[in-house]
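One structure below.
The values are calculated or read from the model by the stated rules, or taken from the named source; none is laboratory data. Values in this document were obtained by computation on a predicted structure and should not be read as measured data. When we count neighbours, we look across all protein chains shown, and the Cβ atoms used for this are built from the backbone with ideal geometry, even at glycine.
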Amino acid sequence: MRFHLDQLTSQTSWLRATGTCVVVATLAVLSPATMCWSDVAVITASVDGDIESDGTIDDSSIFSQTQQGGGGVDTRNIFEFDLSSIPAGAIITSVEFSGHTTLNAGNGTLNLSDYVGTGPPQISVADYSVAGNLVATVTGGIDFFSTHDFAFMLSDISNAQLAADTTEIIGLRGDMTSFGDTWRVASLEQTTRKLPTLTVNYARIPEPSAACVLLLGLCTTGLHRRRSKSP
C-alpha cells in the first residue's frame, strides 16, 4: 500500500511539473514577441493618369482629372498602387487615400471606387469601367475652386485585402457625377505637391520561434511517454 502511495505521489508531482512545463512553453509560443502586431505601409502610386470615355489615355500630365462632359466626353482619373511591401498573411485594418487637389469645379458628387489590378501597374482602357467597390463619396464639400491636400478613408477595404493576397495591385478610380464638374489631382509628373499615396494599416501574426515550438514539443512528448509507462 505504501508503495502505491509513493508511486502515486511521484506521478502527481511529475504531472504537475510537466503541466507547468507545457504552460510555460505555450506562453512562450504566444508571448508578446510572437503575438499579433500592427504596422503601416505608406505607398506612393506606381502609375496615375486619366481615361476618357472614347478610350483616350493621358498619363503624362502634371495632374489627373475626372470630369463630366468636358469636350463631349467623360473622364475618370486612375491611380494604381503596388502592395507587395505588405507582408504575406497580413490583415489590412484600414486604408487612407491622400494627395493634392489642384482644381475642384462644380457642386456635384465625387465617387471614388477601387478595383483589383492585374499584372504590373499600368493605365489601360479597361480601367475606365472595370468592376470595383465604392469606397468614398464626397458631395460638394471638397473646397471647390481651391487647391489643398486631401485624405479619404476607404469605407470598404475588401478589395485592398484581396489585392494584397493575390495580384498585389490595387487601383482607385475617381468619377464626378454631374455635368461640367471637375476634380484634378497632382500627379507623379510634378515634384512640388503631395503625390497620390495610400496609407495602409495592417496586422500580422508572425510564426512562433523554433525554440518555443521545440520546447512545447518536448514537454508534450515527455508527458505522453510518462503516461504510456504508467501501470
- Note on the structure: Scanning segment 90-118 for residues that are assigned to a loop (DSSP other than H, G, I, E, B) and over 18 Å from the mean Cα position of the chain (by Cα) gives Gly106, Asn107, Gly108
- If you check Asp175 against the conditions, is it of a type in the set (D, E, K, R) and in contact (Cβ under 8 Å) with a residue 60 or more places away in the chain? yes
- Taking only segment 56-85 into account, find how many residues are outside any strand (DSSP E or B) and either under 22 Å from Glu189 (Cβ atoms) or in contact with a Lys or Arg (Cβ under 9 Å, 6 or more places away or on another chain) (or both). 8
- Task: Go through (1) at pLDDT below 85; (2) not in a loop (DSSP other than H, G, I, E, B) one by one and return the number of the condition Val200 breaks.
- Result: (1)
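Residue-by-condition table, conditions (1) touching a Gly at 6+ places or on another chain (Cβ under 9 Å); (2) more than 22 Å from Thr177 (Cβ to Cβ); (3) β-branched (Val, Ile, Thr):
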position	(1), (2), (3)
Ser46	no, yes, no
Gly69	yes, no, no
Gly99	no, no, no
Leu103	no, no, no
- Does any residue of segment 69-77 turn out to be surrounded by 13 or more Cβ atoms within 10 Å (Cβ to Cβ), under 30 Å from Gln161 (Cβ atoms) and under 25 Å from the mean Cα position of the chain (by Cα)? yes
- Counting just the residues of segment 134-187 that are assigned to a loop (DSSP other than H, G, I, E, B) and in contact with a Phe, Trp or Tyr (Cβ under 8 Å, 6 or more places away or on another chain), which one comes out modelled with the lowest pLDDT? Ile142
- Total residues in segment 20-56, condition on the phi < 0 side of the Ramachandran plot, surrounded by fewer than 16 Cβ atoms within 10 Å (Cβ to Cβ), at pLDDT 50 or above and not charged (D, E, K, R): 9
- Message: Which condition from (1) under 20 Å from the mean Cα position of the chain (by Cα); (2) on the phi < 0 side of the Ramachandran plot is the one that Glu168 breaks?
- Response: (2)
- Could you tell me which of the residues Asn104, Asn111 is farther than 18 Å from Thr44 by Cβ and either without any contact (Cβ under 8 Å) to a residue 24 or more places away in the chain or in contact with a Phe, Trp or Tyr (Cβ under 7 Å, 6 or more places away or on another chain) (or both)? Asn104
- Could you list, in sequence order, all residues of segment 33-55 that are in a loop (DSSP other than H, G, I, E, B) and either over 22 Å from Val138 (Cβ atoms) or in contact with a Pro (Cβ under 7 Å, 6 or more places away or on another chain) (or both)? Ala33, Thr34, Met35, Cys36, Ala45, Ser46, Asp54, Gly55
